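Following: one structure in structure tokens, then a few remarks.
The values are calculated or read from the model by the stated rules, or taken from the named source; none is laboratory data. This one's a predicted model, so the numbers in the text were calculated from it and none came from an experiment. Cβ atoms come from the backbone with ideal geometry, glycine included; neighbour counts cover every protein chain shown. Side chains included, ligands, DNA and RNA excluded: accessible areas come from the protein's heavy atoms. Shrake-Rupley method; radii C 1.70, N 1.55, O 1.52, S 1.80 Å.
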Amino acid sequence: MNPDSSAPTLAHAAEIRRRKVFAYVGCAFWKEEPSLRDAIFSFDPESIREVYVVPNFISEGYFTQTVIPRELELNGRLTKRSSGQLWKYCEPVGNHPMMTELLLKRARQVAPGIDAGETSLLIVAHGTDLNENSALAAKREAEKIRALGKYEAVLNVYMEEPPLVSDWKKLTKTPNVVVVPFFIADGLHSYEDIPRLLGIPSQRSTRLRSPERPTARQATASRSARGEVFERNPHKIEGRSLFYAPSIGTDPGFADIIIEQAAKFDSEGFRELIAES
């Protein structure tokens, strides 16, 4: 439904590839090509002996615990193929401690120069009854930032469970409110759904009429419309200034986190498992 949803992942992979940290850097997706299933055959076992799998997800959940292991035929954190090739299943990027600083940086970027003492910071996640981990990740980050004492208030809010992002006017009292979507990519939630829940006036709908891939003209028009919601800061709503940021997963710093999650695998005692394999 959104042709740009894979853009941040592709950009981070290109940056890691540019740094020449690994012999090969590839991407795989659940609903785009190349598929997760195809990724099993992407690395020649003669030249690539180890493969790090880093889920570009905000939190542990159904996809990281069930879908990815199933599609990549992983049998745990460490999988040895019949060829002898080792596949190392790393933690999702959202678990990394650096996420807190990226959220703070994004908040500063979208609302430069404002008095943090007169500002509330809202970290918005999806929230769902299907998996509580998505809500817990946002709550964890809000608690860590709140402990720093930088903002008057720091709240974790959700689209589908309390505290609701749509209640932001009741939940906050400050004249300035900064909202950072805790999502990997800027999709329909960040471009359209969350702005609507916040009460940001819509210029024009960005939602496609059908799930089919859009034409080049449709994609260009949709991309232009989507960008406007981030460019019109601050949004003046009932005498208050609302600053709305792009999703955190678009930050270039995610390339560093992906590399560190791979390095973390080898530094946390998995070397013994590798030796045994």
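Answer yes if at least one residue in the stretch 241-248 is on the phi < 0 side of the Ramachandran plot and either assigned to a helix (DSSP H, G or I) or modelled with pLDDT under 90 (or both), and no otherwise.
Here is the first cut: in the stretch 241-248, the residues on the phi < 0 side of the Ramachandran plot are 241-248.
With the extra rule that they be either assigned to a helix (DSSP H, G or I) or modelled with pLDDT under 90 (or both), the set shrinks to 248.
Yes, some residue in the stretch 241-248 is on the phi < 0 side of the Ramachandran plot and either assigned to a helix (DSSP H, G or I) or modelled with pLDDT under 90 (or both).
With the requirement that a residue be under 22 Å from the mean Cα position of the chain (by Cα) and surrounded by fewer than 17 Cβ atoms within 10 Å (Cβ to Cβ), what does the stretch 155-167 give you?
Listed by number, the residues that qualify are E160, E161, P162, P163, L164, S166.
Could you check the stretch 37-143 for strands (runs of 3 or more DSSP E) lying wholly inside it with 1 or more residues that are among the hydrophobic types (A, V, I, L, M, F, W, C) and under 30 Å from L171 (Cβ atoms)?
Numbers: elements: 50-53, 78-80, 86-89, 119-125.
It comes to 119-125.
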Exercise. Are any residues in the stretch 135-158 in contact with a Gly (Cβ under 6 Å, 6 or more places away or on another chain) and either over 20 Å from P195 (Cβ atoms) or of a type outside the set (F, W, Y) (or both), and if so, which ones?
Worked result: A135, A137, E152
Problem set entry | Which numbered condition K170 misses (of (1) open to solvent by less than 20 Å² (accessible area, probe 1.4 Å); (2) more than 21 Å from G94 (Cα to Cα)) | (1)
Exercise. Which one is surrounded by the fewest Cβ atoms within 10 Å (Cβ to Cβ), of the residues in the stretch 227-258 that are closer than 27 Å to A137 by Cβ and among the acidic types (D, E)?
Worked result: D256
Exercise. Within the group S47, S83, S42, which residue is open to solvent by 50 Å² or more (accessible area, probe 1.4 Å), hydroxyl-bearing (S, T, Y) and touching a Pro at 6+ places or on another chain (Cβ under 6 Å)?
Worked result: S83
Exercise. Residues K105, K80: which one is touching a strand residue (DSSP E or B) at 6+ places or on another chain (Cβ under 8 Å) and on the phi < 0 side of the Ramachandran plot?
Worked result: K80
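When the residues of the stretch 78-103 are narrowed to those that are of a type in the set (G, A, S) and in contact (Cβ under 8 Å) with a residue 12 or more places away in the chain, which ends up nearest to G249 (Cα to Cα)?
G94
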